[in-house]
Amino acid sequence: MKIAFYGSSLVSTYWNGAATYYRGLLRALAAKGHDITFYEPDVYDRQKNRDIDPPDWCKVVIYGGTIDALKAVSGSAAEADIVVKASGVGFEDDQLLEEVLGHARPQALKIFWDVDAPATLAELKANPDHRLRRALCGIDLVLTYGGGDPVVSTYRAVGAADCVPIYNALDPQTHHPVPEDIRFSADLAFLGNRLPDREARVEHFFLKPASRLPDRTFLLGGSGWHDRPVAQNIRYIGHVPTRDHNAFNVTPMAVLNVSRASMAENGFSPATRVFEAAGAGACLITDDWEGIEFFLKPDEEVLVARDGQDVAALVAGLSRQSARKIGESARQRVLSEHTYTNRAEAVDKIFRARLGARMEAAE
């Protein structure tokens, strides 16, 4: 089947956490025979900060950040069996959605793929006349990368015909064990961009525990933290490109996941970082959120912290040996149950079942 996918960026992770999700899932779908073209705008300096070349399993079309360029690539939706508009593309999202839906053939499967459902649903609740809410009547299916039942029920309540979570996962070809790298040595490391919906939680779960453990070393990676005052035992290294994520994960004794506030509140929303770390065999400490046990078993495959005091206690009580054991258990679990191949099998079944039913109805 031919898929036209309109998203933020496939070739750059720069201010674009969804890239890992797109890459893993679309590569796995391509392996199942789907012909995929990914359309991304040239905005936010992402093209200047590419970390992969356009892959051979997906055609990538870069278009300028102008309305004329947007309209031109939207016309390609008419050639696809499946048309996907993702959330957070980053340039005139509302108009892009309208243009894509307007060009899609009546028999095509039309999908809105939400990579930040809590934020999107908050906008819909605040604005009853939101353009996405009005567009839902022309969309066959909403897919999300997290959220569980709360997100599904809310999407249906605001007019979605159906909503199915397709969770983040591991791409074993990208994230796997590698030798340690002294650049990333620490007792605890955190990697994440500075975002309004996350900063207070990062302070609570990472910055304050570091100040409680002055004899331990902490490593902070990600964009935007350069002007944030931190304790002397925290070393800030800025943006960490995808090629270094494995080393970043395996070198520290443990790595920390801090969910954005909206993701934690909804639950069932593991960040890509959870699976990246587990795939590399890292010992992961995560903030507590509903549904974690669906993905990893607490105390055996992941360590769960209710607050910053828990983080400090876990780091103080952890040894390299016990950390390695937890990391290896997590790696085996995600390789067995949470790869993008697993997720693509579910998506492929959805695509084929819905298009098949549509063809039967048309006969």
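The values are calculated or read from the model by the stated rules, or taken from the named source; none is laboratory data. Since the structure is predicted, the reported quantities are computational estimates derived from the model, not experimental observations. With ideal geometry, Cβ positions are generated from the backbone for all residues, glycine too; neighbour counts draw on all protein chains shown. What goes into the accessible areas is simple: the full protein's heavy atoms, side chains included, and nothing from ligands, DNA or RNA. Shrake-Rupley method; radii C 1.70, N 1.55, O 1.52, S 1.80 Å.
Annotations for the structure displayed:
- Any hit, the range 273-287, residues being under 19 Å from V115 (Cβ atoms) and open to solvent by 10 Å² or more (accessible area, probe 1.4 Å): yes
- Taken over the range 345-363, the criterion of being open to solvent by 60 Å² or more (accessible area, probe 1.4 Å) and assigned to a helix (DSSP H, G or I) is satisfied by E345, K349, R352, A353, R354, R358, M359, E360, A361, A362.
- Of all the criteria given as (1) within 28 Å of A28 (Cβ to Cβ); (2) at pLDDT below 95; (3) open to solvent by less than 50 Å² (accessible area, probe 1.4 Å); (4) out of contact with any Asp or Glu (no Cβ under 8 Å at 6 or more places or on another chain), the one not satisfied by Y145 is (4).
- Selection from the range 44-54 of residues that are in contact with a strand residue (DSSP E or B) (Cβ under 9 Å, 6 or more places away or on another chain) and surrounded by 15 or more Cβ atoms within 10 Å (Cβ to Cβ): R46, Q47
- Residue count for the range 242-261 under the criterion of being touching a Ser or Thr at 6+ places or on another chain (Cβ under 9 Å) and open to solvent by 20 Å² or more (accessible area, probe 1.4 Å): the result is 1.
- Taken over the range 92-130, residues that are open to solvent by less than 10 Å² (accessible area, probe 1.4 Å) and acidic (D, E) amount to 1.
- Any hit, the range 81-89, residues being of a type outside the set (S, T, N, Q) and surrounded by fewer than 15 Cβ atoms within 10 Å (Cβ to Cβ): no
- Listed here are the helices (runs of 4 or more DSSP H) enclosed by the range 197-277 that have at least 2 residues being among the aliphatic types (A, V, I, L, M): 199-202, 245-250, 261-266.
- From the list L219, L213, the lone residue that is touching a Phe, Trp or Tyr at 6+ places or on another chain (Cβ under 8 Å), of a type outside the set (D, E, K, R) and modelled with pLDDT of 95 or more is L219.
- Residue-level analysis places P55 outside the set of residues that are more than 22 Å from L25 (Cα to Cα) and in a loop (DSSP other than H, G, I, E, B).
- Any chance S12 is open to solvent by less than 10 Å² (accessible area, probe 1.4 Å), of a type in the set (S, T, N, Q), closer than 19 Å to T174 by Cα and in a loop (DSSP other than H, G, I, E, B): yes
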